[in-house]
1. For region 244-276, which chymotrypsin sites (Phe, Trp or Tyr not before Pro) are both in a DSSP coil and crowded by at most 15 other Cβ atoms within 10 Å?
2. Could you list, in their original order, any pairs among Lys286/Lys355; Lys53/Lys448; Lys124/Lys425; Lys355/Lys377 whose Cα atoms are separated by more than 25 Å?
3. At Glu348 and Thr462, where each label point lies 7 Å from the Cα along Cα→Cβ, what is the point-to-point distance in nanometres?
4. Using 0.36 nm per residue, how much length does the chain from Asp91 to Asp421 gain when fully extended, once their Cα-Cα distance is taken away?
5. Mind scanning Lys77/Lys323; Lys323/Lys441; Lys327/Lys441 and naming the pairs with a C-alpha gap bigger than 28 Å?
Amino acid sequence: MIRRIPGLATALLVGLIASGCQSYVDQNRSVAGAWHRGDVAGTADQYANRARKAGRRDAVIWRLEQGSALRAAGRFKESNQAFAAAESLIDDYERRAKVSLSGESVALFSNQAQLPYEGRVYDKVMLNSYRGLNYLQLGDRQAARVEFNRVLRRQEDAVAIKSRRIEREQQAESGNSRGAQLANDGRVQSRIDSVYRFLDKYQAQAPYVNPFAIYLRGLFFQTHALDNSDLETARHAMTRALAMSGSNPFVQADLNRIEARFSGTEFGSLIYVLFETGRAPRREQKQIDIPLFFVGDGNVPYVGIALPILVPQYNYVSSLTVKAAGKATQTRRLADLEAIISREFADELPTITTKTLLSAASKAAVSYAVNRAARKKDNDLGLLSLLATSIYQTAVNVADTRTWTTLPKEIQLCSLPMPADRKVKLSGAGLNSEIVVQTGKTVLLYVKSISPQAPLLVTQTTLN
């Protein structure tokens, strides 16, 4: 009986087996648990193993995860190697700057997770920001300067590249009449809109540019200024960071210091504290059933779509208290990564939903043709074909949930005078760490808290 299934149905089932339709959430589940517990060394090793085995389709996302886990483990050189591998692929995708028609065709009959992960705007900006920090912590200030200049270009170029890509994708999709019928159906849109109402505030208010990246560039040129041109670069960056960070008082203090340096004023020793806290929102999938009005006569038993949704991670340390010389200083938010990620997700959503509906329509049309042909030949064969195509439709109904999960929820900042004994106590949500600040006039303490259940991770870098 199985040999009598029409050839196309057989091809669909074979394609299903080959596609490996396991979501990124499922693939990442065990590693995410280790990360939440603060096992950064174990997480780094697991991501390294996955990155080595990844094909080109998923290489960028695994290398990004690997790079930030290695950075958290203090393995800065290896971290930059992972980021360099990710960036090489990202740059290649940007040079091509076009939709692969063969890849899009495959995705029509499976899901968007079968397309290569090319990196989002915030991925690229954070990648170069982390590389710059890694180079600073490795003592290579010239390489750090290059990375912080790349950060600026990333933020200027990425939005334009993304807009061109979305425009091309929409043009490629415009010829599918069944997909357009679904996209314009009020019942379908109502079900989709109910899933995404929470995104409205991000689409209207959240910044597209990352103030953390802009601030880092300003801090670097402020503390490593070779001339007034570098100080001017620092002043411009700090002015932008101040506007985007909600008038953070510590950014304002930096801007004041830069202005004073133009008149020759120097300042005493300082400690900067950058505090990464929490975990970025992860993507999960939401399944939505689609009305069968457009296929008719019982030859398609089921049509559904799976869309990605953002799931915020609320278990985090809300702020860090820094005590030195008997005085306590509280960190203030510099960048809301959750809002930045959500804003970009909201901007991507029309393209995501359109492509998903196109895919559902294409798969339904193929299932309809296969099942109708099988039923004409034999009722039993028709039932078997219905079963096969139903299994296929259900199994490939997988959303693209790939996202950089080891990014933080927020990045916060404070600065304070260097205490005479160079001793600092860090505390937040029951977590504590006592630090002796290393030699140097200006020192950056980089503190990371993955969750209240994980220890604080602290590294130091002398800025000048």
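1. Numbers: sites: Phe250, Phe262, Phe267, Tyr272, Phe275; in loops: Phe267.
Those satisfying the criteria are Phe267.
2. Numbers: Lys286/Lys355 15 Å; Lys53/Lys448 28 Å; Lys124/Lys425 33 Å; Lys355/Lys377 34 Å.
The pairs that break the limit, which is 25 Å between Cα atoms, are Lys53/Lys448; Lys124/Lys425; Lys355/Lys377.
3. Distance between the two pseudo-spin positions: 4.2 nm.
4. The span from Asp91 to Asp421 would gain 114.1 nm if fully extended.
5. Values: Lys77/Lys323 31 Å; Lys323/Lys441 18 Å; Lys327/Lys441 20 Å.
Exceeds cut-off: Lys77/Lys323.
Each reported figure results from applying straightforward, stated rules to the coordinates on display, with no laboratory input. Only a predicted model underlies this, so the values are computations on that prediction, with no experimental measurement involved. Don't worry about glycine lacking a Cβ; one is built from the backbone with ideal geometry, like all the others, and counts go over all protein chains shown.
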